[in-house]
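The values are calculated or read from the model by the stated rules, or taken from the named source; none is laboratory data. Note that the structure is a prediction, hence the values are computed from the model and not measured. Cβ placement follows ideal geometry from the backbone for every residue including glycine, while neighbour counts extend to all protein chains displayed. The area values use the complete protein model at the heavy-atom level, side chains included, leaving out ligands, DNA and RNA. Shrake-Rupley method; radii C 1.70, N 1.55, O 1.52, S 1.80 Å.
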Amino acid sequence: MKTFREPMPALNRIILINTHMSGIVELKLNGHTNICGTNASGKTTLQRLIPVFYGEYPSRVVPATRDSFERWYLPTECSYIIYEYFRDNDETCQVVLSSGGTGVDFRLIAKGFDIEDYAKASLTDERHVIPPKELSRDIKRQGIICSRILNTKEYKAIIQNDRSVLSTNRDLPGLARLFSLCEQNANLRHIEKLAKAVHSKEGKMETIKAMVAAILEEDGVQPGETKLSHNKVEEWIRECKLIKGFEDIRPEFSKLEQAHFEYGENNQRLAQLKQQYSLDLSKVAQTIAENEALLEEVILTIKQSEATWSEQRDSLNQTLSSAKADSRKLESELDAVEQQYDDWQDKNIDELSQNLENFPRWKNELETNESRYTLLTEKHQDIEASFHKRKSEVQEQHNQELEGYNEQKDDARDQLSSKNAEQQTQLLNTQQKYKDQIAATNVDYQNQQHELKNQITEINTLANNVGFTNQEQNQVDIFEHTIKEASSIEDSCRDRLRQANNELSQAKMARDKANKELEQTRKQFAEQQIRVEQTEQLLYPGQNTLLEFLRREKSGWEFELGKVIHPDLIKTYGLTSKFS
């Protein structure tokens, strides 16, 4: 059975990354949580982190036997303590604690915890934890609200909605509206002391006394006056304890002196390392500048190569298109010739050839008949000589024409076969030529693409390993400050917009209410108008109505005839009324 959480502010879980325990440790607090373990396994160490979320100073939760909170819980630059919590409007936010070198830095982020934001995959698919500045830039690139670096006092005022401290800085009220645990008109002052008292191992009465004293001290309540000076008493007690325990702590004092001496040497060594680091930093900045110039040259070369490749590709595509067009044209012409040949084959060439061969014979027969007719009609000519002469001429003419037709037929057949062979050869040569050009172009394109991919990979590797210079970091800080001011302006504009929307909603509700009242008034007016018209019809009846006739001719008709006459009848026009 799935349960749904009611919207209320609550601490959901605590995530530790590279703290006093290596790796990533998650402590879920969204229900009844039981922390088990052997002695000195870190149960109390985890439990002490809870009051810090509610605004307790980190230095007050670490016992005196330990180092500072920053050295113990945040030993490296990539150490994080993340508190994920829910607000009263069911929004999920997170508080990120990191080491600032001189203290604990607080950041507020308007989203739930996601390990992808803190651990990035490298080129070898190994995850590494990013530093706080890079984390802040990545969160802002995603369009998610991320606060500036806050100290403990500012964070405590925001999470508790303490207006007395929020008024000291103009951007704190906007952050309180986005990340506070309570509503705008309430506050949670001193809740961190209550959380510390609940999770403390000391006696209950002593814990309550310490909590009340701390609250009174923060609220400015002065204790009662006494004749004894508190400072003198404290100094006397301190001197007595020092005198009494000096012999016991003398070996520790010697160790402390030795540690102080080692501390001085370490500071001197750190100063030398800092100087060497400055020199290395200048060299790295110079290398970065050279790599950036090289990167710009490589990008320009890539763009030029892409432009050249585009031109070559367009030229080859144009040539290929024209070749395809020529090939299609030749194929269409060849198909037309074949179709013409097929058409001639379908038209019974043998019969036509036979008719063509018979045509001279038929012509000769015609001429023969004409000559015979001439011979018959011309009585005075030599009929036999003319006939033989004409016959020889016709035979010679017939033989010459037949030889000419045969030669034309052979020439046409040879031309057709030679054209077919030539076109087929040209088509094969053209196809092979463009196939070779396409293959060569593809090989060149693959080689250029492979080289460009290698160059882009090298450039991306150089770009990923390049950090910000001092000038760029200053610009980033200026941009963050500008974004911070823009966020405060955005908050004020959002408040004004919300107020204007509320006023608009109220005006719309008033308008709807006025429209309803107007509609109701119109209906009532229409009903009253109908009643007025009916009353006017009764008071002032028209001419030639029964009502007008009765009022004029018979007084008191209402008590006699009016009791038996239908009301619709007395309003009828055009009746001829008379008394009989």
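Could you check region 28-74 and list, in sequence order, the residues that are of a type in the set (Lys, Arg), within 41 Å of the chain's Cα centre (by Cα) and open to solvent by 90 Å² or more (accessible area, probe 1.4 Å)?
Lys28, Arg71, listed by residue number.
Of the residues Thr521, Thr482, which single one is over 24 Å from Lys140 (Cα atoms), free of Cβ contacts under 8 Å to residues at least 24 places away in the same chain, among the hydroxyl-bearing types (Ser, Thr, Tyr) and assigned to a helix (DSSP H, G or I)?
Thr521
Collect the residues in region 160-203 that are closer than 15 Å to Asp491 by Cα, open to solvent by less than 30 Å² (accessible area, probe 1.4 Å) and not in a loop (DSSP other than H, G, I, E, B), keeping them in residue-number order.
Leu166, Leu172, Gly174, Leu175, Ala176, Phe179
Condition first: farther than 13 Å from Pro9 by Cβ and over 26 Å from the mean Cα position of the chain (by Cα). Now tell me which residues in region 83-101 satisfy that.
Correct list: Leu97, Ser98, Ser99, Gly100, Gly101.
Would you please list the contacts, defined by Cβ atoms under 8 Å and residues six or more apart or on different chains, that run from a residue in region 272-296 that is touching a residue at least 60 places away in the same chain (Cβ under 8 Å) to a residue that is part of a helix (DSSP H, G or I) and surrounded by fewer than 11 Cβ atoms within 10 Å (Cβ to Cβ)?
Close Cβ pairs (under 8 Å, with a partner that is part of a helix (DSSP H, G or I) and surrounded by fewer than 11 Cβ atoms within 10 Å (Cβ to Cβ)) amount to Ala285/Asn470.
Part of a loop (DSSP other than H, G, I, E, B), under 16 Å from Ile149 (Cα atoms) and either among the acidic types (Asp, Glu) or touching a residue at least 12 places away in the same chain (Cβ under 8 Å) (or both), is that true of Gly101?
no
Return the only residue of Asn460, Asn501, Asn429, Asn470 being modelled with pLDDT under 80 and exposed (fewer than 11 other Cβ atoms within 10 Å of the Cβ).
After applying the criteria, what remains is Asn470.
So which of Glu77, Glu91, Glu84 ends up being within 18 Å of Tyr155 (Cβ to Cβ), open to solvent by 60 Å² or more (accessible area, probe 1.4 Å), at pLDDT 85 or above and not polar (S, T, N, Q)?
Glu91
For every residue, the table says whether it meets (1) of a type in the set (Phe, Trp, Tyr); (2) surrounded by 10 or more Cβ atoms within 10 Å (Cβ to Cβ); (3) within 30 Å of Thr441 (Cβ to Cβ); (4) at pLDDT 90 or above.
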| site | (1), (2), (3), (4) |
| --- | --- |
| Gln312 | no, yes, yes, no |
| Lys324 | no, yes, yes, no |
| Arg328 | no, yes, yes, no |
| Gln339 | no, yes, no, no |
| Asp346 | no, no, no, no |
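Having 2 or more residues that are touching a Pro at 6+ places or on another chain (Cβ under 8 Å) and touching a residue at least 24 places away in the same chain (Cβ under 8 Å) is the bar; report the strands (runs of 3 or more DSSP E) wholly within region 10-94 that clear it.
80-86
Somewhere in region 273-286, is a residue assigned to a helix (DSSP H, G or I), open to solvent by less than 60 Å² (accessible area, probe 1.4 Å) and closer than 30 Å to Leu452 by Cα?
Yes - at least one qualifying residue is present in region 273-286.
Determine the pairs where a residue that is of a type in the set (Ser, Thr, Tyr), located within region 178-190, has a partner that is modelled with pLDDT of 85 or more and part of a loop (DSSP other than H, G, I, E, B) with Cβ atoms under 8 Å apart, the partner being 6 or more residues away or on another chain.
Within 8 Å, the pairs are Ser180/Arg87; Ser180/Asn161.
List the residue pairs whose Cβ atoms are under 8 Å apart, where the first residue sits in region 432-451 and is of a type in the set (Lys, Arg), the second is surrounded by 10 or more Cβ atoms within 10 Å (Cβ to Cβ) and in a helix (DSSP H, G or I), and the two are 6 or more positions apart or on different chains.
Qualifying pairs under 8 Å: Lys433/Ala323.
So which residues in region 134-155 are surrounded by fewer than 19 Cβ atoms within 10 Å (Cβ to Cβ), in a loop (DSSP other than H, G, I, E, B) and free of Cβ contacts under 8 Å to residues at least 60 places away in the same chain, if there are any at all?
Once the filter is applied, which keeps residues that are surrounded by fewer than 19 Cβ atoms within 10 Å (Cβ to Cβ), in a loop (DSSP other than H, G, I, E, B) and free of Cβ contacts under 8 Å to residues at least 60 places away in the same chain, region 134-155 yields Gln142, Gly143, Ile144, Ile149, Asn151.
Could we say that Arg107 is among the basic types (Lys, Arg), open to solvent by 10 Å² or more (accessible area, probe 1.4 Å) and in contact (Cβ under 8 Å) with a residue 24 or more places away in the chain here?
yes
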